[in-house]
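Everything below concerns the one structure shown next.
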Amino acid sequence: MASNRFGNIFTITTWGESHGKAIGVVIDGCPAGLPLEEADINAALALRSPGLNPYTSPRKEADRAEIYSGVFEGATTGTPISIVIFNKDADSSKYEPIKDLLRPGHANYTYLEKYGRFDYRGGGRSSGRETACRVAAGAVARKLLKEEGIEVAAFLSQVGSARMADPIGEEFASLRQSVYANPVFCPDPHTAEAMMKLIEAAKDRGDSLGGVVTFLAGPMPTGLGDPVYEKLEANLAKAMMSLPATKGFEIGSGFQSVEMTAFQHNDQFIVQEGRVQTATNYAGGTLGGISTGMPLIGRVAFKPTSSIMKEQKTLSTEGKEAKFALPEGSRHDPCVAIRAVPVVEAMLALVLADAVLMNRCVRVKR
Ligand SMILES: Cc1cc2nc3c(=O)[nH]c(=O)nc-3n(C[C@H](O)[C@H](O)[C@H](O)COP(=O)(O)O)c2cc1C
């Protein structure tokens, strides 16, 4: 299986499966001299952990990262950073009864068609567990971005019909604090309340809901991203859509832009606080694939969690009609978009860290 690597200069290669001994990530291209400790990574992993609150899966999973290389005396050395997370909650016996069934909404059908084999004990490489490696690497990327003065954030902005408007002029530190202080990672308490009600009702029905995660970065420098295949928004789209359960990506006004005229949509240039800015930010912080210096803003849509408690029709791997029901005591995460929030933030950090490093070789210094 190819394609476990992401990025150009700041690259990550992730490995491992949900029910294997461990999962991990190798980060290559991280500059030397970045202060880094396991605690930095574990703080980020704690946010992605299931069992965090009643709105995510009840599985208790104390992820702890161990750094095996690339760090000496509390700082990166410029050599590959190898991070390992041992799997502690790998009870695979409950998968036995469903091992010969195609799982609705899951990847085992396509895996079997493609590879002819599938590790039925979990989602294999398509498992949400793989995203822990991205979060670990994202914590390193986030530290690198801080050195550049760039902050990243993500939050749950919509679940079903409960949605909040984009925050305007919010300080990143306080925004991020209010996101992670809330059980559904939504910074607006009223929307969060409505989301919780919807999620609880779906959980009681044994069903699940989708959600939208909004991401933001700022203050942004101008010039990140290349004009053609490495457009900043193209790399963000790939980063986000490479996450499991994603169904949509938007930058700036996104799909709403089709309902606007150019006169409404064009962001008009102004001078504010002594620098060029735009009066609006429908572009979402890029023009021609290159950052404008305005905040980067986009959204990622996550489908309703596939594993639900309701019985569903399916086929066996032999093609016979069958009923699919999750085994007793299975995990049921009624809205996977909640746990996706720190993962989206990590992917944003990875794309930007790579873009920052790529930008160091674009023109002659004058
Ligand atoms: C952080 C995260 C955690 C996930 N956890 C679950 C889960 O507990 N149950 C589930 O059915 N799907 C979960 N998923 C989604 C599935 O992995 C995904 O829907 C499945 O592999 C099929 O892939 P696709 O939806 O991209 O087509 C998770 C996704 C993410 C991003």
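The values are calculated or read from the model by the stated rules, or taken from the named source; none is laboratory data. Since this is a predicted model, take the numbers as computed values, not measurements. Glycine gets a Cβ as well: all are built from the backbone with ideal geometry, and neighbour counts include every protein chain shown. SASA here: full protein model, heavy atoms, side chains in, ligands and nucleic acids out. Shrake-Rupley method; radii C 1.70, N 1.55, O 1.52, S 1.80 Å.
Evaluate the stretch 21-31: report whether one residue or more is under 30 Å from residue 204 (Cβ atoms), open to solvent by 40 Å² or more (accessible area, probe 1.4 Å) and at pLDDT below 95. Please lay out each step first, then the result.
Taking the stretch 21-31 and keeping what is under 30 Å from residue 204 (Cβ atoms), we get none.
Checked the stretch 21-31: no residue is under 30 Å from residue 204 (Cβ atoms), open to solvent by 40 Å² or more (accessible area, probe 1.4 Å) and at pLDDT below 95.
Taking the numbered list (1) near the ligand (Cβ under 9 Å from one of its atoms); (2) among the hydroxyl-bearing types (Ser, Thr, Tyr); (3) in contact (Cβ under 8 Å) with a residue 60 or more places away in the chain in turn, residue 115 passes all entries but (1).
Considering 257, 242, which residue is within 16 Å of the ligand (Cβ to nearest atom), modelled with pLDDT of 95 or more and among the hydroxyl-bearing types (Ser, Thr, Tyr)?
On the way: 257 fails: within 16 Å of the ligand (Cβ to nearest atom).
Sole residue among the options that is within 16 Å of the ligand (Cβ to nearest atom), modelled with pLDDT of 95 or more and among the hydroxyl-bearing types (Ser, Thr, Tyr): 242.
Put simply, of 192, 201 the only residue that is of a type in the set (Gly, Ala, Ser) and touching a Phe, Trp or Tyr at 6+ places or on another chain (Cβ under 9 Å) is 192. Restricting the stretch 188-214 to residues that are within 14 Å of the ligand (Cβ to nearest atom) and either open to solvent by 60 Å² or more (accessible area, probe 1.4 Å) or part of a strand (DSSP E or B) (or both), the residue that is nearest to residue 341 (Cα to Cα) is 213.
Kindly indicate whether any position in the stretch 318-329 is open to solvent by 60 Å² or more (accessible area, probe 1.4 Å) and either in contact with a His (Cβ under 8 Å, 6 or more places away or on another chain) or within 16 Å of the ligand (Cβ to nearest atom) (or both). Taking every residue of the stretch 318-329 in turn, at least one turns out to be open to solvent by 60 Å² or more (accessible area, probe 1.4 Å) and either in contact with a His (Cβ under 8 Å, 6 or more places away or on another chain) or within 16 Å of the ligand (Cβ to nearest atom) (or both). Scanning the stretch 170-185 for residues that are open to solvent by less than 80 Å² (accessible area, probe 1.4 Å) and not basic (Lys, Arg) yields 172, 173, 174, 175, 178, 179, 180, 182, 183, 184, 185. Filter the stretch 299-310 down to the residues that are in contact with a helix residue (DSSP H, G or I) (Cβ under 6 Å, 6 or more places away or on another chain) and part of a strand (DSSP E or B), then identify the one that is farthest from the ligand (Cβ to nearest atom). Selected residue: 300. Considering 293, 289, the condition of being touching a Lys or Arg at 6+ places or on another chain (Cβ under 6 Å) and open to solvent by less than 30 Å² (accessible area, probe 1.4 Å) is satisfied by 289 alone. Evaluate the following for residue 95: is it within 14 Å of the ligand (Cβ to nearest atom), out of contact with any strand residue (DSSP E or B) (no Cβ under 8 Å at 6 or more places or on another chain) and at pLDDT below 95? Considered against the rule, which asks whether it is within 14 Å of the ligand (Cβ to nearest atom), out of contact with any strand residue (DSSP E or B) (no Cβ under 8 Å at 6 or more places or on another chain) and at pLDDT below 95, residue 95 comes out as yes.
Does residue 173 meet the test of being over 30 Å from residue 358 (Cβ atoms) and without any contact (Cβ under 8 Å) to a residue 40 or more places away in the chain? Steps first, answer last, please.
Numbers: over 30 Å from residue 358 (Cβ atoms): no; without any contact (Cβ under 8 Å) to a residue 40 or more places away in the chain: yes.
No.
Is it fair to say residue 295 is more than 17 Å from residue 231 (Cα to Cα), touching a residue at least 40 places away in the same chain (Cβ under 8 Å) and not hydrophobic (A, V, I, L, M, F, W, C)?
Numbers: more than 17 Å from residue 231 (Cα to Cα): no; touching a residue at least 40 places away in the same chain (Cβ under 8 Å): yes; not hydrophobic (A, V, I, L, M, F, W, C): yes.
Judged against the criteria, residue 295 is not a match.
Taking every residue in the stretch 328-353 that is on the phi > 0 side of the Ramachandran plot and pairing it with any residue that is more than 10 Å from the ligand (Cβ to nearest atom), at least 6 positions away or on another chain, the pairs with Cβ-Cβ distances below 7 Å are 329/94. Which residue is farthest from residue 141 (Cα to Cα), if the candidates are limited to the stretch 68-121 and must be touching a helix residue (DSSP H, G or I) at 6+ places or on another chain (Cβ under 7 Å) and in a loop (DSSP other than H, G, I, E, B)? Among those residues, the one meeting the criterion is 102. Taken as a whole, the structure places residue 308 among residues that are open to solvent by less than 50 Å² (accessible area, probe 1.4 Å) and among the aliphatic types (A, V, I, L, M).
Screening residue 76 with (1) touching a Cys at 6+ places or on another chain (Cβ under 6 Å); (2) within 30 Å of residue 251 (Cα to Cα); (3) not aromatic (Phe, Trp, Tyr) gives one miss only, at (2).
Looking only at residues in the stretch 223-241 that are out of contact with any Lys or Arg (no Cβ under 9 Å at 6 or more places or on another chain) and outside any helix (DSSP H, G or I), the one that is least open to solvent (accessible area, probe 1.4 Å) is 224. In the condition set (1) touching a Leu at 6+ places or on another chain (Cβ under 6 Å); (2) farther than 16 Å from residue 251 by Cα; (3) open to solvent by less than 10 Å² (accessible area, probe 1.4 Å), residue 315 is compliant with all but (3).
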